[in-house]
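Note sheet for the following structure.
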Amino acid sequence: MEGRRKKRLLSKEEIELWAHVTRNDEPLSRPKPDTLASGEADEATPPFAGAAATAKPLDPVPVRPEPAITRVGATPAPLRPSPPPHQPFDHRIVRKIARGRREIDARLDLHGLRQHDAYVTLRAFLARCQLEGHRHVLIITGKGGRTDSDSRDFWNSEKRGVLRRLVPHWLAEPEFRAHVISFTESAHHHGGSGALYVTIRRRGKPGSV
C-alpha cells in the first residue's frame, strides 16, 4: 500500500550492539496477585475503620433525677388521730341500769345474723346512736347455747357463740372506738354474758367522753 513504510530488518551488527547495551538491564517485575488484592482492599477500606470497630464504647453519663417540686406555703394533710383506748365501765352505772334507775337508750339484737351482716349492722347502730346523742345502749349477742331444735343444723351449730366472742373484739377496733368509750357484761335480766352494756362516746373530738 502506497504511503506505508516497509519494516526493515535489523542487521547483525545492530543486534549485537543492542545486546551489548542492554546486557546489564533487569526486566521489570510484575505485581503479584495477592499484593494487588491487599492493595485493593486497603483502598476499599476507609481510614481508621479498624480502630472504630475495636474502640471501647463510652460509659453513659448518669442522669441526676429532678428534685421534687414542693409548692411554697403548702401544708401536708393532717393525719387522722387514732381514738383513745377504752376506759373501764363505771360500775355505779352498771348497778343503776340493772336496778332500773338508769335507762337504756337503745338496744340491738344480733341474733340470727351472719358475721359480716352483724359487723355492718353493729357499726351502723353505734354510729346512729352517737349521732342521736344516746349514752348507754344494750348489745345482745346470745350465749351460744345448743338446743335440740338446731342440734343437727350445721350452720347454726357453727355460728352459735361466735358473735359472743367476736363483738368484744370488734368494739376494740379503732373504727368502733370512735363511737364507744367502754363496755361490760350486762346484768342477768338483760342477758348476762349474752349481752353487753355499751357507753357511747359523745360527738366531737375523738378523745371526748
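The values are calculated or read from the model by the stated rules, or taken from the named source; none is laboratory data. Just so it is clear, the model here is predicted, and its values are computed rather than measured. In this analysis, Cβ positions are derived from the backbone assuming ideal geometry, glycine residues included, and neighbour counts consider all displayed protein chains.
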Can you name the condition, by its number, that Ile200 falls short on among (1) in contact with a Cys (Cβ under 9 Å, 6 or more places away or on another chain); (2) at pLDDT below 80? (2)
Checking Gln130 against (1) modelled with pLDDT of 90 or more; (2) among the polar types (S, T, N, Q); (3) more than 41 Å from the chain's Cα centre (by Cα), the condition it does not meet: (3)
Taking Ile93 and the conditions (1) modelled with pLDDT under 90; (2) surrounded by 10 or more Cβ atoms within 10 Å (Cβ to Cβ), which numbered condition does it fall short on, given that it satisfies the others? (1)
Starting from region 97-123, keep only residues that are surrounded by 13 or more Cβ atoms within 10 Å (Cβ to Cβ), then list their pairs with residues that are among the polar types (S, T, N, Q) and in a loop (DSSP other than H, G, I, E, B) whose Cβ atoms are within a distance under 6 Å, requiring at least 6 positions of separation or different chains. Leu110/Thr141
Name the residue, out of Glu175, Glu158, that is acidic (Asp, Glu), modelled with pLDDT of 70 or more and within 20 Å of Ala118 (Cα to Cα). Glu175
Right, Leu122: at pLDDT below 95, aliphatic (A, V, I, L, M) and either assigned to a helix (DSSP H, G or I) or out of contact with any strand residue (DSSP E or B) (no Cβ under 7 Å at 6 or more places or on another chain) (or both) or not? no
With respect to Arg165, determine if the residue is of a type in the set (Lys, Arg), surrounded by fewer than 17 Cβ atoms within 10 Å (Cβ to Cβ) and at pLDDT 90 or above. yes
Can you tell me which residues in region 80-90 are surrounded by 14 or more Cβ atoms within 10 Å (Cβ to Cβ) and either touching a helix residue (DSSP H, G or I) at 6+ places or on another chain (Cβ under 6 Å) or hydroxyl-bearing (Ser, Thr, Tyr) (or both)? Pro83
